[in-house]
1. Restricting to bridges with both residues inside the protein assembly as shown, how much of the DSSP beta-bridge set is antiparallel, in percent to the nearest 5?
2. Step through the residues of segment A:117-133 one at a time and calculate ³J(HN,Hα) from phi using the Karplus curve (6.51 cos²θ - 1.76 cosθ + 1.60, θ = phi - 60°), rounding each to whole Hz and writing x for Gly and Pro.
3. Within the set of other residues whose C-beta is less than 15 Å from the C-beta of B:Phe88, count the net charge using Lys and Arg as +1 and Asp and Glu as -1.
4. Sum up the charges of everything whose Cβ sits under 12 Å from the Cβ of B:Tyr253, counting Lys and Arg as +1 and Asp and Glu as -1, but leave B:Tyr253 out.
5. May I ask what percent, to the nearest 5, of DSSP beta bridges between residues of chain B are antiparallel?
6. How large is log10 of I(q)/I(0) for the protein assembly as shown at q = 0.07, 0.09, 0.10 Å⁻¹ when the intensity is taken from the Debye formula with one equal scatterer per alpha-carbon?
7. Once you average over the residues of A:50-62, how many Cβ atoms of partner chains fall within 10 Å of each Cβ?
8. Please list 3J(HN,Hα) in residue order for segment B:167-183, calculated via the Karplus relation 6.51 cos²θ - 1.76 cosθ + 1.60 where θ = phi - 60°; whole Hz, with x for glycine and proline.
Amino acid sequence: MAKRRLMQAINDALTEEMTRDPRIVLFGEDVKISMFGDTKGLQARFGADRVRNTPISEETLTGMAVGAAAAGRPVVLHLMFSNFAYAGFDGIANQMTKLPFMTGGQIRLPVTVLCGFGGGTSTGAQHSDTPYPMLMNLGGLNIAVPTTPADAKGLLKSAIRSGYPTFFLEARTRGGEMGEVPDGDYETPFGSARIARPGSDITVIAIGAMVRPALEAAEFLAENDGINAEVIDPRTLVPFDESALLSSIAKTGHLVIVDEARDRCSAASHIAAIAADKGFASLRASVRRVTVPDMPMPYAPILEKAIYPDSKRIAAVVKSVLRTRGPISASAAQ
Amino acid sequence: MGLAKPTSAGISERRGGRAPDSATKLAMYERMLLIRKVEERLVRNFTEGVLPGNVHTYVGEEAVAVGVCAHLSDRDWITSTHRGHGHFLAKGGDAEALLAEIYGRAGVCKGFGGTMHVADFSKGILGANGIVAAGIPIATGAALSARLDGEGRVVAAFFGDGAANRGVLLESLNIATLWRLPIVFVCENNGYCEFSPTDTVTSGAIGARAAAFGIPAETIDGNDVESVWCAADAAVARARRGDGPSFIEAETYRLRGHAEAEVNWLSEAYRTEEEVKRWSEKDPLPRYAQRLCREGVADTAKLATIEADIAKHVERAAQAAAQAPLPSLELLASFLPAGSEFLGGMEHA
């Protein structure tokens, strides 16, 4: 085991994969300088042929990723901020997700798209969006949202080796997250959630950067309200680990989902739908979502903090869910 | 290199380049005729109401795909357009598999693609595309892969004049030049972006867009298969040498509508019968037949035999395609995400 920051773990995974498979090509805007640090040093190591700084041409870059992969070469495309995916959306929505399907399965399409996402750092409305709801709806994309260095490394290796178009989303406020990373080569499977904190009173599904405030809220509730929350990090949204969700709510009977996407058609609302469809008998209160309201992300810290989910809001919503059903145990009663 | 004026005189002579040999000439004629016959069949099928949807035919533009693809092998790649049957057949795609796909059967894409998305990776056909210009960045990406492979593969991106107004063309021209990618950009200027005359929606010369990036560009008579062959000969050779991209603007005309279904809903004419007639006189097929006879490559009897053979081939292909297996629900279900359920179950209607 070694202590690594999340961005270093991503960099390690890219280094190891590009060493393992000399056909892999990585390109994107400023991947040499690497704004987030995830591709730092790769050009010096693997050369400018395989690690390419590109012009700012997202619509072409997403299409090129499809073309290079269709021609048999694994591609890692770095889009920098996920908002730039909007500029490159034809290559994603009309090509990347559809080509393997439209050709009747003639090809696999080994494309892994990296980008940073999310709010919390005053980057303003055009650099703070959370893209997975629209990506989840495309059909034909896998989506990883790692939150620990170990998972980041293992999920990225799985993504690159999967031969399947995959978005690997880096919660920007988690880049410095420090954690133990196993030694040697390993993959973290998609569709397998991680129980970040076991609990028995309520299930809290937290996505990406929301895991940390969810854990803080859980500790606060345990100390102050005697509520024992189970916090689950889904790790991947497509595929989504339904059985982890369903077995947790079978135990707790209550569900809160924390998602920094805008509320309407968020990942949280889809997860709530799964709970209603398949876990209805387990639920003892309505499912609540802690999300961002349906508006762009404001710039000023005081405004952004007002809508960005934090531990206080999560704790309040957890308590309100438990209140609506009445006490489960003496300690949870208020 | 500046923009050449459209010409039907062989560019090869002008440049001192090569000209196709007799076998190539005949092969190109046969391939153009195959495309024409397949699409005549589709037009008939459309009129009969047996096609599941609409089709965009390539009738009148066959010389472009054939003249370019004559230089490509199965190892080279092409990307194509919504008007893609011609590129598919020119690159060696199978007529029966194409027709079966368009008939809604388990054709070349198992019924998952259809007329606008025909692809055959075993033939280097990376796919037709329903989004104008979307094949261009895909071709550029394939060209990056080809360059890294270093095995001399070449990519041809076919697109229409409508794509000249899409940003991805300019972005791809930029990247292809910067990285000296082995790609030939082939613009089929048929004079109409759907129903809008090209000059009403396009400023500047199309080839000048490429020239602005320092890419050799020329405008040629796209209804003369040998003009196309000569221009593509130079462009493909340049790409294979590793000298980077070229741009060919082939002036042509679609003799049929934007789509066959337009007759059902067009409220006004967007071009004159006189114009269609004028271009019919430049139809690449009879024009090339005359040239082959004039040059002594073939006589009318030989051409009649070729035509009868191709007609028979297409008839057999169409018959077989109509009887091809239905698309598989099992294959459809294989695209369901792991663990997901489909309420009600899937069954053939």
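Throughout, read-outs are computed from the coordinates displayed, never taken from laboratory work. Please read all numbers here as calculations on a predicted model, not as lab measurements. All Cβ positions, even for glycine, are placed from backbone atoms using ideal geometry, and neighbour counts span all protein chains on display.
1. Values: 12 of 66 bridges.
Beta bridges within the protein assembly as shown, antiparallel portion: roughly 20 percent.
2. In residue order, the calculated couplings are 8, x, x, x, 10, 6, 8, x, 4, 8, 10, 10, 6, 10, x, 5, x Hz.
3. Working: positive: B:Arg31, B:Arg36, B:Lys37, B:Arg41, B:Arg83, B:Lys91, B:Lys123; negative: B:Glu39, B:Glu61, B:Glu62, B:Asp74, B:Asp76, B:Asp94, B:Glu96, B:Glu101, B:Asp120, B:Glu188.
Value of the local net charge: -3.
4. Numbers: positive: B:Arg254, B:Arg256, B:Arg271, B:Lys277, B:Arg278, B:Lys282; negative: B:Glu61, B:Glu62, B:Asp161, B:Glu188, B:Asp221, B:Glu251, B:Glu275, B:Glu281, B:Asp283.
So the environment of B:Tyr253 carries a net charge of -3.
5. Working: 3 of 24 bridges.
Here the share of antiparallel DSSP bridges comes out near 10 percent.
6. -0.54, -0.82, -0.95
7. Working: counts 1, 0, 5, 0, 5, 4, 1, 9, 2, 8, 16, 6, 4.
Counting Cβ atoms of other protein chains within 10 Å of each residue's Cβ and averaging gives 5.
8. So the Karplus estimates, Gly and Pro as x, are x, 4, 5, 5, 4, 6, 4, 4, 5, 4, 6, 3, 9, 6, 7, x, 9 Hz.
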